[in-house]
Amino acid sequence: MSAARHVAIIMDGNGRWAKARHLPRAVGHQRGVEAVRTLVRAARDMGLEALTLYAFSTENWRRPEEEVSALFALLKRYIQDDLQEFVDNNVRLKIIGDYKSLASDIVCLLEDALTRTAENNGTTLVVALNYGAQDEIARAAKIAATKGPITVAAIDAELDTASLPPVDLLIRTSGEMRLSNFLLWQVAYAEMWFTDVLWPDFTPDHLREGLNAFANRERRYGGR
Ligand code: IPE
Ligand code: IPE
Ligand code: MG
């Protein structure tokens, strides 16, 4: 069994983490960012090729405006605070999802971060932002159709993830066992690993636990 090159995570449970401590949801999201920061450093040190994190879905707009603004404020601060660290440590940033329709200050910040890390060739940190897999597939199919016959390879080539290695392992925290419109196409043959740990409590040791479970799986891809 070869090691995982690309791990994708549905970071879930910030709200429940806060609720259990009688704290505002925003505090759960704040602690969630700390978990992200620590995990990105660990992924980089482990030499993982790509780490994709589901940060905001196309469905998350259904949340109260106050929570949505808090989430984007945290994202903004995270990128501002950690960009130099990405640059210094060879981390390449990539965004998947319809991020160009977000507020212009966020788009500017992201594009600057993308440009400044574009030449890095260590771990790729992929942030799924305003991301919905159905939206991604529809956008990809639309572009593919202008270029020729719609085949699996043609759609693959137009997905937001086109330049990334295949997703080997999908992790979801907080005990939920659903995909919530994340990477529907890309997880066709990914291994899945679920944990009850709430996202703010997720540590590099949990990632290692998931990677160990992955290492013991037998992948068959329909063969025998
Ligand atoms: C995950 O935590 C963060 C985002 C979806 C942005 P939640 O906010 O979904 O936390 P729960 O599921 O309510 O506990
Ligand atoms: C999925 O979590 C989206 C992100 C982690 C960004 P949700 O908490 O939004 O998913 P549902 O609503 O429980 O399916
Ligand atoms: Mg949730």
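The values are calculated or read from the model by the stated rules, or taken from the named source; none is laboratory data. Computed from a prediction, not measured in an experiment: that's the story for all the values here. Virtual Cβ from ideal backbone geometry, glycine too; neighbours counted across all protein chains shown. Surface accessibility is based on the protein's heavy atoms, side chains included, excluding ligands, DNA and RNA. Shrake-Rupley method; radii C 1.70, N 1.55, O 1.52, S 1.80 Å.
Table: residues versus (1) under 22 Å from Asn212 (Cα atoms); (2) open to solvent by less than 30 Å² (accessible area, probe 1.4 Å); (3) in contact with a Cys (Cβ under 9 Å, 6 or more places away or on another chain); (4) among the charged types (D, E, K, R).
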{"residue": "Ala133", "(1), (2), (3), (4)": "no, yes, no, no"}
{"residue": "Thr146", "(1), (2), (3), (4)": "no, no, no, no"}
{"residue": "Ala153", "(1), (2), (3), (4)": "no, no, no, no"}
{"residue": "Leu159", "(1), (2), (3), (4)": "no, yes, no, no"}
{"residue": "Leu170", "(1), (2), (3), (4)": "yes, yes, no, no"}
{"residue": "Ser180", "(1), (2), (3), (4)": "no, no, no, no"}
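Out of Val87, Val107, which single residue is open to solvent by 30 Å² or more (accessible area, probe 1.4 Å), among the aliphatic types (A, V, I, L, M) and in contact with a helix residue (DSSP H, G or I) (Cβ under 9 Å, 6 or more places away or on another chain)?
Values: Val107 fails: open to solvent by 30 Å² or more (accessible area, probe 1.4 Å).
Sole residue among the options that is open to solvent by 30 Å² or more (accessible area, probe 1.4 Å), among the aliphatic types (A, V, I, L, M) and in contact with a helix residue (DSSP H, G or I) (Cβ under 9 Å, 6 or more places away or on another chain): Val87.
Residues in region 202-222: is at least one closer than 21 Å to Ser57 by Cα and within 16 Å of ligand 1 (Cβ to nearest atom)?
Taking region 202-222 first, the residues closer than 21 Å to Ser57 by Cα are 202.
Next, only the ones that are within 16 Å of ligand 1 (Cβ to nearest atom) stay: 202.
Looking through region 202-222, at least one residue is closer than 21 Å to Ser57 by Cα and within 16 Å of ligand 1 (Cβ to nearest atom).
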For Ser174, which of the numbered conditions (1) among the polar types (S, T, N, Q); (2) at positive phi; (3) open to solvent by 70 Å² or more (accessible area, probe 1.4 Å) fails to hold?
-> (3)
Take the residues of region 21-34 that are surrounded by fewer than 23 Cβ atoms within 10 Å (Cβ to Cβ) and within 14 Å of ligand 3 (Cβ to nearest atom): which is nearest to Asn90 (Cα to Cα)?
-> His29
Starting from region 201-224, keep only residues that are on the phi > 0 side of the Ramachandran plot, then list their pairs with residues that are assigned to a loop (DSSP other than H, G, I, E, B) and not hydrophobic (A, V, I, L, M, F, W, C) whose Cβ atoms are within a distance under 9 Å, requiring at least 6 positions of separation or different chains.
-> Tyr221/Tyr189; Gly222/Tyr189
Condition broken by Ala144, with the remaining ones in (1) in contact (Cβ under 8 Å) with a residue 12 or more places away in the chain; (2) part of a helix (DSSP H, G or I); (3) away from ligand 2 (no atom under 15 Å from the Cβ); (4) within 22 Å of the chain's Cα centre (by Cα) satisfied = (4)
